[in-house]
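A.B. asks: One structure, pasted below without further comment.
The values are calculated or read from the model by the stated rules, or taken from the named source; none is laboratory data. Predicted model, so just to flag it, every value in this text is computed and none were measured. All Cβ positions, glycine included, derive from the backbone under ideal geometry; neighbour counts span all protein chains shown.
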Amino acid sequence: MLINRAYKFRLYPNLKQKELINKTIGCSRFIYNVMLSKKKDNSKFTKFDLIKEIPKLCNDYPFLKEVDSFSLRNAIFDLENGFNKCYKKLGGYPKFKKKGIKDSYRTEYVKNIYKDKIYENIKIDLKNKTITLPKLKEVKIRGYRNLEYINGRILNATIKHIGSKYYVSVCVEENIPLVEAKTSSIVGIDMGVKSLITTSDGISYGNPNYLKKYERKIKGLQKGLTRKIKGSKNYHKYKNKLQEVYRKLQNARRKINEEIVSKIIKDNDMIVTENLNINKMIEKSNKNLRKNILNSTMSDIIRRLKYKCAWLNKKIIQVNRYYASSQICNRCGNKNEEMKDIRIREYKCPKCGIEIERDLNASLNIMYEGLISYYKKIYQN
């Protein structure tokens, strides 16, 4: 089975390479903004029409010739993807890019054979810890020290500048063996704010709430940043410090999510989750609950479950988002509408008298509902 996998490395460019990376990011942003302006003036412009405009811009602005040409074209492709998402109502109308916000550019892999010699513009040497990139040539990297080589076909590379650090994500197409599908074990998952995940096995993964750990630091740096003159050395110094704290917070969230998802998938063949609408949950919540929902990173957990299940040939079932898993008794099926109040943490059934923890009851109901929908599909086919 062919899959796309990204390998992220920390880049250690020299001064000249740093200058070229920053220049390429700036040129990609410039092309994106110019083409967005043209698209606003004439919505009939396609991405191919916009690509034809690049040579004209290179003549008017010679600095565009100094950077990787793939990065300029990919800026147009990103713009086109933004408009496609907008038309499908998956995102808002594309906005102009600003310096310092998501600074990155993407380049494509090219392979040529000339006189029995293979020429590649992107090469990774994990033994010598280097990566070869267009225009930049060899750059030192760090990461994946347990790997001797990457087994797969390189598709593209994305270079990012976050704070004072540089990273490269290499997208690779890999062929992994398809594992035989099994259905020997099943688990239902209830996601929440107090407990990040509660499984039908009775295992609860508490929400570590990393934001509290970094919140004081973030507030202090934000306060300090507002007092600095915009564009000054101290302003950039504080901005880099703030981005570093956000990066640590993001890494902490990513680590705990990866650990939880890996354990759930390792122990189970069929996983049943809720089909949550996170955006609506955030809209309808109060300030404190909204903050906790954002901190719980539910959407990231579901995303990881989906692609890992696809890789390992395991089943993932999402029950209807309007299924009242918290209100139904898992023993007798009675519906208790008092459980709409999320402050009630214990489920007490007035019909059969069962007393059970709210999230555990919900996870058991989700598991049963997932089994019903799974067997319905089998018998219908």
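A.B. asks: Considering every residue within the range 43-64, establish whether at least one is under 29 Å from the mean Cα position of the chain (by Cα), in the same structural domain as VAL110 (by TED's automatic domain parsing) and within 18 Å of LYS160 (Cβ to Cβ).
C.D. replies: Looking only at the range 43-64, we keep the residues that are under 29 Å from the mean Cα position of the chain (by Cα), and these are 46-48, 50-51.
Subset that is in the same structural domain as VAL110 (by TED's automatic domain parsing): 46-48, 50-51.
The next check asks that each one be within 18 Å of LYS160 (Cβ to Cβ); those that pass are none.
No.
A.B. asks: Among the candidates ASN84, ASN121, ASN112, single out the residue that is over 30 Å from ASN279 (Cα atoms) and surrounded by 10 or more Cβ atoms within 10 Å (Cβ to Cβ). It would help to see each step written out before you state the result.
C.D. replies: Details: ASN84 fails: over 30 Å from ASN279 (Cα atoms); ASN112 fails: surrounded by 10 or more Cβ atoms within 10 Å (Cβ to Cβ).
That would be ASN121, the only listed residue that is over 30 Å from ASN279 (Cα atoms) and surrounded by 10 or more Cβ atoms within 10 Å (Cβ to Cβ).
A.B. asks: Look through ASN74, ASN81, ASN112, ASN59 and report the one residue that is over 26 Å from TYR7 (Cβ atoms) and either touching a residue at least 40 places away in the same chain (Cβ under 8 Å) or not charged (D, E, K, R) (or both).
C.D. replies: Selected residue: ASN59, the only one of ASN74, ASN81, ASN112, ASN59 that is over 26 Å from TYR7 (Cβ atoms) and either touching a residue at least 40 places away in the same chain (Cβ under 8 Å) or not charged (D, E, K, R) (or both).
A.B. asks: Find the residue count for the range 207-230, including only residues that are among the polar types (S, T, N, Q), touching a helix residue (DSSP H, G or I) at 6+ places or on another chain (Cβ under 7 Å) and at negative phi.
C.D. replies: As a first pass, look at the range 207-230 and keep what is among the polar types (S, T, N, Q): 207, 209, 222, 226.
Retained after the next criterion (residues that are touching a helix residue (DSSP H, G or I) at 6+ places or on another chain (Cβ under 7 Å)): 207, 209, 222.
Applying the additional criterion that residues be at negative phi yields 207, 222.
Count: 2.
A.B. asks: I'd like to verify a number: residues in the range 212-251 that are among the hydroxyl-bearing types (Ser, Thr, Tyr) and either surrounded by fewer than 13 Cβ atoms within 10 Å (Cβ to Cβ) or in the same structural domain as LYS291 (by TED's automatic domain parsing) (or both), how many?
C.D. replies: Step one: list which residues in the range 212-251 are among the hydroxyl-bearing types (Ser, Thr, Tyr), which gives 214, 226, 232, 235, 238, 246.
The next check asks that each one be either surrounded by fewer than 13 Cβ atoms within 10 Å (Cβ to Cβ) or in the same structural domain as LYS291 (by TED's automatic domain parsing) (or both); those that pass are 226, 232.
Number satisfying all stated conditions: 2.
A.B. asks: Here's something else I'd like to know. Hey, could you check the range 257-272 for residues that are surrounded by 17 or more Cβ atoms within 10 Å (Cβ to Cβ) and touching a helix residue (DSSP H, G or I) at 6+ places or on another chain (Cβ under 8 Å) and say which is farthest from ILE366 (Cα to Cα)? Steps first, answer last, please.
C.D. replies: Of the range 257-272, the ones surrounded by 17 or more Cβ atoms within 10 Å (Cβ to Cβ) are 257, 260-261, 264-265, 268-272.
Keeping just the survivors that are touching a helix residue (DSSP H, G or I) at 6+ places or on another chain (Cβ under 8 Å) gives 257, 260-261, 264-265, 270-272.
On the way: ASN257: 21, ILE260: 18, VAL261: 17, ILE264: 15, ILE265: 17, MET270: 12, ILE271: 10, VAL272: 7 Å.
Result: ASN257.
A.B. asks: Looking at THR107, THR132, can you tell me which residue is out of contact with any Pro (no Cβ under 9 Å at 6 or more places or on another chain), in a strand (DSSP E or B) and of a type in the set (Ser, Thr, Tyr)? Break it down into steps so the answer makes sense when it comes.
C.D. replies: Values: THR107 fails: out of contact with any Pro (no Cβ under 9 Å at 6 or more places or on another chain).
Going through THR107, THR132 in turn, the sole match is THR132.
A.B. asks: Answer yes if at least one residue in the range 159-171 is surrounded by 16 or more Cβ atoms within 10 Å (Cβ to Cβ) and part of a loop (DSSP other than H, G, I, E, B), and no otherwise.
C.D. replies: Yes, there is a match, as at least one residue in the range 159-171 is surrounded by 16 or more Cβ atoms within 10 Å (Cβ to Cβ) and part of a loop (DSSP other than H, G, I, E, B).
A.B. asks: Hey, does the range 32-47 have a residue that's part of a helix (DSSP H, G or I), among the small types (Gly, Ala, Ser) and surrounded by fewer than 15 Cβ atoms within 10 Å (Cβ to Cβ)? Please lay out each step first, then the result.
C.D. replies: Just the residues of the range 32-47 that are part of a helix (DSSP H, G or I), to begin with: 32-41, 47.
Now drop any that are not among the small types (Gly, Ala, Ser), which leaves 37.
From what's left, surrounded by fewer than 15 Cβ atoms within 10 Å (Cβ to Cβ): 37.
There is at least one residue in the range 32-47 that is part of a helix (DSSP H, G or I), among the small types (Gly, Ala, Ser) and surrounded by fewer than 15 Cβ atoms within 10 Å (Cβ to Cβ).
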